[in-house]
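Visitor: Handing you a structure now.
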Amino acid sequence: MLNQVPVPIEDYERGRKKTARFIRTNTTEIMTTVFPPIRWVVPGYVPEGLAILAGRQKLGKTWLAIDWALAVACGGTAMGSVDCEQGDVLYIDLENGHRRVQRRIETLFPDARHRPDLSRLDWVSEAPMLNNGFIDALDDWRLSVAKPRLVVIDVLQRVKPPGNANQNAYESDYSTLSGLQRWATAHGIAVVALHHTKKGGADDPLEALSGSNGMSACADTTLVLDKDQNGVTLYVRGRDVEEKESAMNFTSGLWSIIGEAADVRRSDERSRIIDAVEKASVPIGPSEIADITGMKNSNVRKLLHGMASAGQLGKSGRGKYVLPVRVRAGEQA
């Protein structure tokens, strides 16, 4: 057997095919770096990066997106209470046309004499597909304005190319949006893409988006506009935004925030309970209140306990409730 002469390590390394290497950053360097603060376009709801605004058809997504666009273009207030920093806005409207845009603006500002300066809001009615020049067109707009802050795509489906036969739905959706997400993040601009939700909804709002989970996974922020028996809510979750759900009101083209959805629901449910107790001629229990209000028995019992502690209701006998005034009038507590 031939004796094998060991090959020096350095000679072995020289003979190897050069491979890719990671560009590493040490934790110490990261922790000593001063990063600029997150750039908010609609504070608390829409930061820089890619955002998906989803909701059912005819629920008012476009009106909400126009509300944000106008607030940013004018340096005004979004949703009735959120102050926005002024900047340039591009609204890519692929469904309505200029005539309908004009009517919407006239609805919001019927008196032309008091209409704000809208010169920083541009509209586009035709656009290439995401994989065929869309990013280049966005960059052309970015370089043509003084302070690019917001892009709205209404709707995403109009610029989304067909799925790739070599990829599953998740992979296809993620790869389709990844270039848009990188562009938005790199330039500190918010891109809000309007999208539809599935019929029937879902337990998790992010699962309600039509299509695969690749969309919400790629997006920096996901917002879901929804409506149920308690009213309309705007849910938001993202990498840089605190998860929350706001109760909303829509009147004559104007969206406004009522408050935190949980607080509003609780207030509404308590009002329904008080109304049921008030209409009852005798002390009433949780099961009867649940039947009258259509609320879950467990929710009613929980609320009754808190309402009694807060003095909103009084107890009469075992497990029965009345209005406090009846207790003060002499009913046994």
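Since every read-out is calculated from the coordinates, none of them should be taken as a lab result. These numbers were taken from a predicted model, which means no experiment stands behind them. As a convention, Cβ positions derive from the backbone with ideal geometry for all residues, glycine included, and neighbour counts pool all protein chains shown.
Visitor: For the pair Glu171 and Leu108, what calculated FRET efficiency results from E = 1/(1 + (r/R0)^6), where r is the Cβ-Cβ distance and R0 = 30 Å, to the nearest 0.05?
Guide: In this case the efficiency is close to 0.15.
Visitor: Turning to a different aspect of this structure: Between helix 61-74 and the chain, what is the angle of the helix's C-alpha long axis to the longest principal axis, kept within 0 to 90° and rounded to the nearest 10?
Guide: 70
Visitor: How far is the Cα center of region 227-251 from the Cα center of region 257-284, in Å?
Guide: For region 227-251 versus region 257-284, the Cα centre distance is 21 Å.
Visitor: Per DSSP helix of 4 or more residues, -39500 (n - 2.57); summed, then divided by the residues of the chain. What does that give at 222 nm, rounded to the nearest 500?
Guide: -10500 deg cm²/dmol
Visitor: Relative contact order of the chain, please, whole-number percent, based on alpha carbon pairs below 8 angstrom and at least 6 residues apart.
Guide: Value for the chain: 17 percent.
Visitor: Net charge near Arg270: determine it from the other residues with C-beta under 13 Å of the C-beta of Arg270, scoring Lys and Arg +1 and Asp and Glu -1.
Guide: -1
Visitor: How far apart, in nanometres, would the label points at Asp291 and Asn26 be if each is projected 7 angstrom from Cα along the Cα-to-Cβ direction?
Guide: For the pair Asp291/Asn26, the computed spacing is 7.4 nm.
Visitor: If I compute mean projected area of the Cα convex hull in nm² from the structure I just sent, which labelled value in [x] 16.0; [y] 19.7; [z] 31.5 lines up?
Guide: Correct label, based on the coordinates given: [z].
Visitor: May I ask you to derive the relative contact order of region 116-269, considering only C-alpha pairs under 8 Å and at least 6 residues apart, and to give it as an integer percent?
Guide: Answer for region 116-269 is 15 percent.
Visitor: Let me ask something else. For the chain, with only Lys/Arg (+1) and Asp/Glu (-1) charged at the beta-carbon, what is the dipole magnitude about the Cα centre, in debye rounded to 20?
Guide: Using Cβ point charges on Lys, Arg, Asp and Glu, the chain gives about 780 debye.
Visitor: Let me check against my output: what whole-number percent is the relative contact order of region 244-324, with C-alpha pairs under 8 Å and at least 6 apart?
Guide: 23
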